[in-house]
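> The structure that follows is given in the form of structure tokens.
What follows draws every value from the coordinates through simple rules; no lab data is involved. Since this is a predicted model, take the numbers as computed values, not measurements. Note that we place each Cβ from the backbone using ideal geometry, even for glycine, and neighbour counts take in every protein chain shown.
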Amino acid sequence: MSSYPVNMNLTPDVHASFDDATNTISYIVKDPTSGACAIVDSVLDIDIAAGRITHDHADGLIETIRNKGLTLEWIIETHVHADHLSAAPYIQSKLGGKIGIGAKIVMVQDTFGKVFNEGTEFRRDGSQFDALFEDGDTYMVGNMQGFAMYTPGHTPACMVHVLGNAAFVGDTLFMPDGGSARADFPGGDAGTLYDSIQKVLALPEEMRLFMCHDYGPNGRDIAWETTVGDEKAHNIHVGGNKSKADFVKFRTERDATLAMPTLILPSLQVNMRAGEIPADNEGQPMLKVPINKL
């Protein structure tokens, strides 16, 4: 069983918002005993061909929180996403709240600071974020205690966040028929990902699991909620007590066939800065395209 401070008697209200452009699900998680809430994995809209940033998806989250009369206390990033841009600072400017991510963000910043040839003005200490979570760290959303589980493998800074009987797994797991996330990004590792998944599966079987992405395998409707028990029994990559050796072999071979995510270059530059758009020497928002670095 898990050694983390699990409270299965607390059921937070979870509002999911699906972004069609990136197949990302963002969440508003409300403390059932107060008006406090958190946002997990927000999305900033980008038309990469036009170089245009908009805020429709984030504005939808903001409107929902305002309409419900909620107070936003946390804006959580489960990891430095490679397939969508975070809207955390935009949301914070409208509603407040603290932006939090795993403490190993410093490893991601160091790696991709080199990839994007960032200067010394780019801080590699995680100070762009308001809070850096270590494994087992707890925090409060109103009267509801949340905690962070360190789950590397997809990236070196991945965290699963658990609030009551709801766990927000980032890219550690997909729905049972979707399997698991890739582990071939810099700092990723298939064996480490397998071990992290086992930590998640050690949570109570009734724990609700909320995905960060879903792609509707085999034409099914988009879905984002399952349970630990369902993943243990039916996940096509790790369910049924599949061995670590088999998982690593499968994951490594599959990853070798995958193309880079469409938005990986803008996503990494923005997300390692806690959602801020980098600027050129004149202070104008500007993104780089490093050649042959990924």
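One line per residue, one yes/no per condition, for (1) part of a helix (DSSP H, G or I); (2) aliphatic (A, V, I, L, M):
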| position | (1), (2) |
| --- | --- |
| Gly229 | yes, no |
| Lys232 | yes, no |
| Thr252 | yes, no |
| Ile277 | no, yes |
| Gly283 | no, no |
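> Would a scan of region 149-160 turn up a residue that is among the aromatic types (Phe, Trp, Tyr) and surrounded by 20 or more Cβ atoms within 10 Å (Cβ to Cβ)?
Filtering region 149-160 for residues among the aromatic types (Phe, Trp, Tyr) gives 150.
Among the residues that remain, those that are also surrounded by 20 or more Cβ atoms within 10 Å (Cβ to Cβ) are: none.
Taking every residue of region 149-160 in turn, none turns out to be among the aromatic types (Phe, Trp, Tyr) and surrounded by 20 or more Cβ atoms within 10 Å (Cβ to Cβ).
> OK, next. Which one of Lys288, Lys242 is within 16 Å of Gly51 (Cβ to Cβ) and surrounded by 13 or more Cβ atoms within 10 Å (Cβ to Cβ)?
Details: Lys242 fails: within 16 Å of Gly51 (Cβ to Cβ).
Sole residue among the options that is within 16 Å of Gly51 (Cβ to Cβ) and surrounded by 13 or more Cβ atoms within 10 Å (Cβ to Cβ): Lys288.
> Residues that are without any contact (Cβ under 8 Å) to a residue 40 or more places away in the chain, at least 2 per element: which strands (runs of 3 or more DSSP E) completely within region 103-178 meet that?
Values: elements: 131-133, 138-141, 144-150, 159-163, 166-168.
Counting at least 2 such residues, we get 131-133.
> For residues that are of a type in the set (Asp, Glu) and outside any loop (DSSP other than H, G, I, E, B), scanning just region 1-29, find the one that is farthest from the chain's Cα centre (by Cα). Write out each step before concluding.
Within region 1-29, the first condition is being of a type in the set (Asp, Glu), and the residues that meet it are 13, 19-20.
From what's left, outside any loop (DSSP other than H, G, I, E, B): 13, 19.
Numbers: Asp13: 19, Asp19: 14 Å.
Among residues in region 1-29 that are of a type in the set (Asp, Glu) and outside any loop (DSSP other than H, G, I, E, B), the one farthest from the chain's Cα centre (by Cα) is Asp13.
> Out of (1) in a strand (DSSP E or B); (2) out of contact with any Gly (no Cβ under 9 Å at 6 or more places or on another chain); (3) closer than 26 Å to Ile105 by Cα, the odd one out for Trp74 is which?
Tallying (1) in a strand (DSSP E or B); (2) out of contact with any Gly (no Cβ under 9 Å at 6 or more places or on another chain); (3) closer than 26 Å to Ile105 by Cα, Trp74 fails exactly one: (2).
> While we're on this one: Go through region 30-71 and give me each residue that's within 25 Å of Pro261 (Cα to Cα), of a type in the set (A, V, I, L, M) and not in a strand (DSSP E or B). Show your work before the answer.
Just the residues of region 30-71 that are within 25 Å of Pro261 (Cα to Cα), to begin with: 39-61.
Applying the additional criterion that residues be of a type in the set (A, V, I, L, M) yields 39-40, 43-44, 46, 48-50, 53, 58, 61.
Correct list: Val43, Ile48, Ala49, Ala50, Ala58, Leu61.
> Just to be sure I understand, how many residues within region 253-285 are surrounded by 15 or more Cβ atoms within 10 Å (Cβ to Cβ) and either under 19 Å from Ala58 (Cβ atoms) or not basic (Lys, Arg) (or both)? Give the derivation first.
In the first step, residues of region 253-285 are kept if they are surrounded by 15 or more Cβ atoms within 10 Å (Cβ to Cβ); the result is 254-255, 261, 263-278.
Cutting the leftovers down to either under 19 Å from Ala58 (Cβ atoms) or not basic (Lys, Arg) (or both) gives us 255, 261, 263-278.
Of the residues in that region, 18 qualify.
> Name the one entry in Val289, Val238, Val248 that is under 25 Å from Val80 (Cβ atoms), in a helix (DSSP H, G or I) and not polar (S, T, N, Q).
On the way: Val289 fails: in a helix (DSSP H, G or I); Val238 fails: in a helix (DSSP H, G or I).
When all the criteria are applied, what remains is Val248.
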